[in-house]
Structures are given as C-alpha cells and as structure tokens.
Amino acid sequence: MFLNPSLGMALDRIAERAADVRRAYTPGALPTHDDVATAAAVSDFALDPLAVVAPDGTYFVTADEQGRRSYARDGSFALRDGRLVDGGGHRILGVRAPGGAFEELRVDPVDEALGRVRDAAIEPDGTVVYRREVVDPRSGTTELQRVVSGRIALARFPAGTRLASSDGSHGSAPSGADVQNGLPGDGAFASLVPMRRERSRINIDESLVRLKEAYLAFDALAAAEASKAHLGKTAMDLLK
C-alpha cells in the first residue's frame, strides 16, 4: 500500500516541528522554521569556565571525527581526551600560533596523560588556558604554570545566509558562501562572553503550537482520505 503524497508531506512537517520542540533546550540550537525563532539571543550565567557565548551573528568553527567542518553556536565546551569539544562532541577549531591554520585545540598530550591539567578556562579573546602542575626537583614544592593551548576561531556569513543543518546545532555553509574567519576581539570580531551559556533560538511555546497544528492537519488529511476510500468502495458496491 502506497502512502498518499499529501499524507507523506504532512508526516514530514510533523517530524520537522517535533525536531524543533526537542531542540528547544539545546544550547545554541537554531530552529528549522523561522516562525518559532526567538526574537533575540538569550544566555544564562554558568559556573563553568569553559562555557562561552559567541558574538551575535557569528559561529564557532567545528569538525567531526571525519574532519568535516561545520559551524555552531553552542559554546558549552568541555575537555574530552584532552581535546576541546562542544556539547555534540565536535572538535573546536582555532589557531595555536598567530597566523596559523585552523586546527583542533587541545591541551598538551603529556600534561593530559600525567593528569597535570588544572583550571582550564576560556578568556574573552578566545584564548584557551589551563594551569600545569609541576614539581620543583630541588625544593620539592608544587608550582602551577599558565599554559596556552591556542585561540578559538570564529566565522561569519553575509546577512540572510542560512546554514544547512541536520541536527539543529551544527550547520554547513552553502556552496559558494562568502565566509569571514577571525578571532574573538581581533577588531573584526567582538569578544566572547565567558561563563555564559546561550539558550536555544527556539521558542518552546510557539513550537508546541506549530506541532499541534501539524498533527491536526495530518488528521484532517487522513480523515479525508478515509472518507474518499469509503465513498469509492460504496460506489463499487452499487455497480455490482
């Protein structure tokens, strides 16, 4: 039995609206439909020195396990196996030296292996720092050295550019899109806001309303199809 194309489209709309509802509490998530978008970005204070909010209209540059680059607003970062990653596990890209190419940001592998990484944090200019615990061999006293892992990269697109996204958090740039890359606080890009966590850009109340409307539309189409099938059967019975 083949599904009526109209019913198939209605089911797709339900899936899209349901996805917006699920992502309403995902930090930095962007809506599939603009009619459920919030009017402005909102962030909450976080007791997490690795949580930051990017300037409005900009994105963090990320890469997945296969190295595929994407762009995201989620600044709920963490250190995982020494690498700086976002909430979805994507690696955060940046530069380790001025003028360097974008690469994943991570703490020193030796420090990670020896458990010497302390107090990792992100500063307003995107600098990822931590304190390394070392022991003075002569005095035996423990010291903490400041170590810089690099600076987080930012990207910006022309106004109106819509990123293609499968999860609502990470988007890929359209073909031929003019992307501007830079660093927080470099003059072209504003600084990050540390110890803040951005809320999603999805209005939960509005997205629930739209999801209900999608279900009602599907029910109406299904009822119409059932009625049509019933009338067709009745007509065939009369012809027998």
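The values are calculated or read from the model by the stated rules, or taken from the named source; none is laboratory data. If you're wondering where the values come from, they're calculated on a predicted model, not measured in any experiment. So basically every Cβ, Gly included, is an ideal-geometry build from the backbone, and we count neighbours across all protein chains shown. To get the accessible areas, we keep the full protein, side chains included, count just its heavy atoms, and leave off ligands, DNA and RNA. Shrake-Rupley method; radii C 1.70, N 1.55, O 1.52, S 1.80 Å.
Of Asp20, Asp12, Asp35, all but one fail to be open to solvent by 70 Å² or more (accessible area, probe 1.4 Å) and either farther than 24 Å from Ser76 by Cα or touching a His at 6+ places or on another chain (Cβ under 8 Å) (or both); the exception is Asp12. If I filter the stretch 107-154 down to residues being small (Gly, Ala, Ser) and over 20 Å from Val85 (Cβ atoms), which single residue comes out as most open to solvent (accessible area, probe 1.4 Å)? Going through the qualifying residues, I end up with Ser139. Across the stretch 129-169, the number of residues qualifying as over 25 Å from Leu50 (Cα atoms) and of a type in the set (D, E, K, R) comes to 3. Residue check: Ser200 meets all listed conditions (1) outside any loop (DSSP other than H, G, I, E, B); (2) under 21 Å from the mean Cα position of the chain (by Cα) but one, namely (1). All conditions in (1) farther than 16 Å from Ser165 by Cα; (2) open to solvent by 40 Å² or more (accessible area, probe 1.4 Å); (3) not in a strand (DSSP E or B) hold for Leu79, with the sole exception of (3). Of all residues in the stretch 170-211, those that are farther than 27 Å from His33 by Cα and not aliphatic (A, V, I, L, M) total 8. A search for C-beta distances below 7 Å between a residue of the stretch 128-153 that is free of Cβ contacts under 8 Å to residues at least 40 places away in the same chain and any residue that is exposed (fewer than 10 other Cβ atoms within 10 Å of the Cβ), counting only pairs 6+ apart in sequence or on different chains, returns Val129/Arg146; Arg131/Arg146; Glu133/Thr142; Val135/Thr142; Glu143/Asp136.
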